[in-house]
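Every number here is computed from the coordinates shown, using simple stated rules; none is lab data. If you're wondering where the values come from, they're calculated on a predicted model, not measured in any experiment. In this analysis, Cβ positions are derived from the backbone assuming ideal geometry, glycine residues included, and neighbour counts consider all displayed protein chains.
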Amino acid sequence: QVQLVQSGAEVKKPGSWMRVSCKASGGTFSNYFLNWVRQAPGQGLEWMGEIIPMFGTTNYAQKFQDRVTMTLDESTATVYMELSSLSSEDTAIYFCAASPGSPRDYFEYWGQGTQVTVSP
Amino acid sequence: DIQMTQSPSTLSASVGDRVSITCRASQSISRWLAWYQQKPGEAPKLLIYEISTLENGVPSRFSGSGSETEFTLTISSLQPDDFATFYCQQYKTYPWTFGQGTKVEI
């Protein structure tokens with residue numbers, strides 16, 4: 001059973017950048033793909049990308065390709081998601097989610113979510 | 001990108017009802033489909049993967065069916081704890097995409 005604990009809520013200015021962390025425990029970090037999914041207020045779920053600890057590789061949704069970076073710290077089993085050039089449209093809850101890995105790319109475990117508000 | 005379309009968007013039902021939610025993919029996704037349940041203020045919870053495989057601990061009143069482009073989530077007898085929003089997700093082709101959600105309400 002993997003537990004994912006995310007960093008706390010943030011308020012950011014337009015044009016700035018954000019970083020959210022997600023610390024994994026209770027499982028073998030390298031056995032999972034770590035994904036980021038966001039949910040704008042009252043909206044559905046949107047996949048942003050994934051990082052694969054075993055290989056240190058990433059796959060990003062094209063929509064975010066130019067301004068998202070996902071990294072990991074294996075020593076602390078923590079993954080990070082940075083998003084730059086923020087606008088009000090980036091106001092959302094950001095979830096990290098672990099999947100067993102290709103082809104089983106469903107999201108088995110979820111973090112509690114991090115509220116990010118982008119406001120002048 | 002593969003578009004996932006759920007219907008209905010909202011479903012009004014009563015405890016004990018049998019309810020079904022449909023998810024259509026814009027192209028074949030084979031068996032790579034999952035369903036999630038999300039309650040207000042909570043993270044989504046995985047219910048079903050590979051069309052019909054129940055995640056551990058998910059009640060057997062939930063079932064999934066379908067193939068290729070059309071899929072169904074069925075709750076055989078709706079319980080008070082089931083009132084939530086449900087999402088389908090394809091993991092056949094990047095980027096992984098979700099349906100817009102179906103809210104099941106009283």
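The Kirkwood radius of the range B:1-51, taken over pairs of alpha-carbon atoms, gives through the Stokes-Einstein law at 37 °C and 0.692 mPa s a diffusion coefficient of 254 µm² s⁻¹. Each Lys and Arg Cβ is given +1 and each Asp and Glu Cβ -1; about its Cα centre, the protein assembly as shown then shows a dipole of about 120 debye. Both the radius of gyration and Dmax for the range A:28-86 are 12.1, 36 Å, in that order, over alpha-carbon atoms. As a size descriptor, the averaged projected area of the C-alpha convex hull of chain B was calculated at 6.0 nm². Selection among B:Thr22, B:Pro40, A:Pro14 by position relative to the dipole of the protein assembly as shown gives A:Pro14 as farthest towards the positive end (Cβ unit charges, Cα centre). Please list, by residue number, everything in the range B:17-49 whose backbone N is under 18 Å from a paramagnetic label point 7 Å out along Cα→Cβ of A:Gln112. Only B:39-45 pass the distance filter.
Near the amide H of B:Tyr94, within less than 5 Å, lie no amide hydrogens of residues on another chain or at least 5 residues away, with H placed in the peptide plane.
Add +1 for every Lys or Arg and -1 for every Asp or Glu among the other residues with Cβ under 14 Å from the Cβ of A:Leu72, and state the total. Let's see the in-between values first.
Details: positive: A:Arg19, A:Lys23; negative: A:Glu50, A:Asp73, A:Glu74, A:Glu82.
Local charge sum for A:Leu72: -2.
Could you give log10 I(q)/I(0) at q = 0.17 Å⁻¹ for the protein assembly as shown, computed by the Debye formula over C-alpha point scatterers of equal weight, without solvent? Rounded to two decimals, the profile gives -1.23. Classify chain A: rounded, prolate or oblate, from the alpha-carbon gyration tensor (a ≥ b ≥ c, eigenvalue square roots; a/c under 1.5 rounded; otherwise prolate if a/b is larger than b/c)? Prolate, because a/c is 1.5 or more and a/b exceeds b/c. The mean sequence distance of close C-alpha pairs (under 8 Å, at least 6 residues apart), as a share of the length of the range B:23-106, puts its relative contact order at 31 percent. Scanning residues 5 or more positions from A:Met48 or on other chains, those with amide H under 5 Å from its amide H are A:Trp36, A:Val37, A:Arg38, with H placed 1.01 Å from N in the peptide plane.
Calculated on the Cα set of the range A:54-120, radius of gyration then Dmax: 13.4, 42 Å.
Can you grab the distance from the C-alpha centre of the range A:41-88 to the C-alpha centre of the range B:1-26, Å, no decimals? Here the two parts' Cα centres lie 29 Å apart.
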